[in-house]
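Each remark here refers to the structure printed beneath this line.
The values are calculated or read from the model by the stated rules, or taken from the named source; none is laboratory data. Quantities reported herein were computed from a predicted structural model and do not represent experimental measurements. No Cβ is skipped: glycine too gets one built from the backbone with ideal geometry, and neighbour counts run over all protein chains shown. Ligands, DNA and RNA are excluded from the accessible area calculation, which covers all protein heavy atoms including side chains. Shrake-Rupley method; radii C 1.70, N 1.55, O 1.52, S 1.80 Å.
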Amino acid sequence: RELVGAAAAEAKGWPEQAIAATRAALAFLASEADLARLVLVESRAAGPAVSARFNEAVGEMAPLLRRGRDERPEAARLPDSTEDSTIGSLVSLLQRKVAAGEAAELEDLLPECAELILLPYLGPDQL
């Protein structure tokens, strides 16, 4: 959380902050493959308390994403579920990569993650 927050704080605008935070998270998880597996894959089978804590932790990304609604007028009309859907998509993408034994390559997902994050808020013309 602190690592991601610090990376976002160093960037200027919202898109840059979102990408910096994502880059930092991917780099950390790639450098800690066993931890990435524990958090992203094994935690899902660890019972309801661990699953709830995982969901709470990843849900903390929603306010950062929600700030993207200020980037263009159309983004203000996005469904309320946009942030949760985006987070769910990102988590699923990372889980699949880690479950396949490819945690060390998580940083390669930055372009896909950036598109998932930015597209709803900026629109396709700004990517």
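Can you name the condition, by its number, that Phe28 falls short on among (1) within 19 Å of Leu116 (Cα to Cα); (2) open to solvent by 80 Å² or more (accessible area, probe 1.4 Å)?
Only one criterion in (1) within 19 Å of Leu116 (Cα to Cα); (2) open to solvent by 80 Å² or more (accessible area, probe 1.4 Å) is unmet by Phe28, namely (1).
Does Pro48 satisfy the condition of being open to solvent by 60 Å² or more (accessible area, probe 1.4 Å) and over 18 Å from Arg1 (Cα atoms)?
In short, yes.
Within segment 1-25, restricting attention to residues that are among the charged types (D, E, K, R) and assigned to a helix (DSSP H, G or I), which residue is surrounded by the fewest Cβ atoms within 10 Å (Cβ to Cβ)? It would help to see each step written out before you state the result.
Restricting attention to segment 1-25, the residues satisfying the condition of being among the charged types (D, E, K, R) are 1-2, 10, 12, 16, 23.
Checking which are assigned to a helix (DSSP H, G or I) leaves us with 2, 16, 23.
Values: Glu2: 7, Glu16: 12, Arg23: 18.
Per the criteria, the residue is Glu2.
Consider Gly101 carefully, then state whether it is within 16 Å of Ala21 (Cβ to Cβ) and surrounded by fewer than 13 Cβ atoms within 10 Å (Cβ to Cβ). Full working, then the answer.
Numbers: within 16 Å of Ala21 (Cβ to Cβ): no; surrounded by fewer than 13 Cβ atoms within 10 Å (Cβ to Cβ): yes.
No, not satisfied.
Six or more apart or on different chains, Cβ atoms under 8 Å: show the pairs whose first residue is in segment 105-120 and farther than 23 Å from Arg37 by Cβ and open to solvent by 30 Å² or more (accessible area, probe 1.4 Å) and whose second is in a helix (DSSP H, G or I) and aliphatic (A, V, I, L, M).
Pro120/Ala75
Among the candidates Leu93, Leu116, Leu106, which residue alone is closer than 18 Å to Gln17 by Cα and modelled with pLDDT of 95 or more?
Residue meeting the stated conditions: Leu116.
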